[in-house]
Amino acid sequence: MFDRLFGIGADKQRMPAPERALPGRANAMPLRNAHHVHGRPLRDAFPGLSRVGFAMGCFWGAERAFWSLPGVFTTAVGYAGGYTPNPTYAEVCSGETGHTEAVLVVYDPAEIAFDDLLKAFWERHDPTQGMRQGNDSGTQYRSAIHCETEAQYAAATASRDAFQARLRAAGYAEITTEIRYPAPTFYYAEDEHQQYLAKHPDGYCGLGGTGVSCPIGAFAP
């Protein structure tokens, strides 16, 4: 079993300076380009489909939150938002890459509204925890939305503001989710992490929501 405690420690709570980040490598990780659940590709141009990146803690559980949603074509896990090109899992867990564990969600906007993806994102983790999620601590567990379009960015920020009001009313702190447009480069993770909880149904999942519902219907492009 992989050690989910790599990120623990005060030094893992701060983003590294870009000039001190690990150098990484030029070549991408080898990838079996077939989703373990439905067989569709993980890496492609995906013509006619839309993409968005979500980070909400351990990417094993985060990916499972999206792959079965109607209208989601495929999902993949990887690393994004930092500085190190094509990092390994161990490098990301060291806290020296600046990356967060991310899920690439490829979806058909004719079949699923972006609002519904945002609702799943906000409700299935606690976006107020900064550089951790539950017992998982470190920069790689921070919450993020990486937008591919300006319309996604507008919808994501509107949903954050609406959800913040509900969280505040329920006694939660301020949302710490970073929302970025354009999306940073998504680096695919190693094969063993792709669809991990489909391969290991009893595997670790540290995600837990707040129990606060996110309103939908007002954000989508």
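The single residue among R40, R14 that is modelled with pLDDT under 95, basic (K, R), over 23 Å from W122 (Cβ atoms) and over 11 Å from the mean Cα position of the chain (by Cα) turns out to be R14.
Within the stretch 69-80, does at least one residue satisfy the condition of being farther than 23 Å from G206 by Cβ and out of contact with any strand residue (DSSP E or B) (no Cβ under 6 Å at 6 or more places or on another chain)? Yes, some residue in the stretch 69-80 is farther than 23 Å from G206 by Cβ and out of contact with any strand residue (DSSP E or B) (no Cβ under 6 Å at 6 or more places or on another chain). Pairs linking a residue in the stretch 46-68 that is at positive phi to a residue that is buried (at least 21 other Cβ atoms within 10 Å of the Cβ) and assigned to a helix (DSSP H, G or I), with Cβ atoms under 6 Å and 6 or more positions apart or on different chains, are G57/Y141. Being touching a Phe, Trp or Tyr at 6+ places or on another chain (Cβ under 6 Å), in contact (Cβ under 8 Å) with a residue 60 or more places away in the chain and either surrounded by 18 or more Cβ atoms within 10 Å (Cβ to Cβ) or under 25 Å from T88 (Cβ atoms) (or both) is a property that holds for Y196. Among residues of the stretch 99-125 that are over 30 Å from P23 (Cα atoms), those with a Cβ under 7 angstrom from a residue that is among the polar types (S, T, N, Q), sequence gap 6+ or separate chain, pair up as Y107/S50; P109/S50; F114/Q152; L118/S159; W122/S159; E123/S213; H125/Q133; H125/S143.
Evaluate the stretch 172-188: report whether one residue or more is in contact with an Asp or Glu (Cβ under 6 Å, 6 or more places away or on another chain), in a loop (DSSP other than H, G, I, E, B) and surrounded by 15 or more Cβ atoms within 10 Å (Cβ to Cβ). Checking the stretch 172-188: at least one residue is in contact with an Asp or Glu (Cβ under 6 Å, 6 or more places away or on another chain), in a loop (DSSP other than H, G, I, E, B) and surrounded by 15 or more Cβ atoms within 10 Å (Cβ to Cβ). Checking A110, A90 one by one, the residue that is surrounded by fewer than 20 Cβ atoms within 10 Å (Cβ to Cβ), out of contact with any Ser or Thr (no Cβ under 8 Å at 6 or more places or on another chain) and part of a loop (DSSP other than H, G, I, E, B) is A110 and no other. Consider D161 carefully, then state whether it is of a type in the set (D, E, K, R), surrounded by fewer than 18 Cβ atoms within 10 Å (Cβ to Cβ), outside any strand (DSSP E or B) and at pLDDT 95 or above. For D161, the condition - of a type in the set (D, E, K, R), surrounded by fewer than 18 Cβ atoms within 10 Å (Cβ to Cβ), outside any strand (DSSP E or B) and at pLDDT 95 or above - is met. Across the stretch 46-55, not a single residue is classified as in contact with a Cys (Cβ under 9 Å, 6 or more places away or on another chain), among the aromatic types (F, W, Y) and either loosely packed, with under 14 Cβ neighbours inside 10 Å or over 14 Å from H99 (Cβ atoms) (or both). If the condition is being aliphatic (A, V, I, L, M) and loosely packed, with under 12 Cβ neighbours inside 10 Å, then the stretch 27-45 contributes only A45. Residues of the stretch 56-80 that are in a strand (DSSP E or B) and closer than 25 Å to G98 by Cα: M56, T75, A76, V77, G78, Y79, A80.
List pairs: first in the stretch 156-179 and more than 9 Å from W122 (Cβ to Cβ), second small (G, A, S) and in a helix (DSSP H, G or I), Cβ under 8 Å, 6+ apart or cross-chain? From the stretch 156-179, the pairs are I179/A156. Is it the case that some residue within the stretch 164-171 is small (G, A, S), outside any helix (DSSP H, G or I) and buried (at least 20 other Cβ atoms within 10 Å of the Cβ)? No - not one qualifying residue is present in the stretch 164-171.
The values are calculated or read from the model by the stated rules, or taken from the named source; none is laboratory data. Given the structure is predicted, the values throughout are model-derived calculations rather than measurements. Note that each Cβ is placed from the backbone with ideal geometry, even for glycine, and that neighbours are counted across all protein chains shown.
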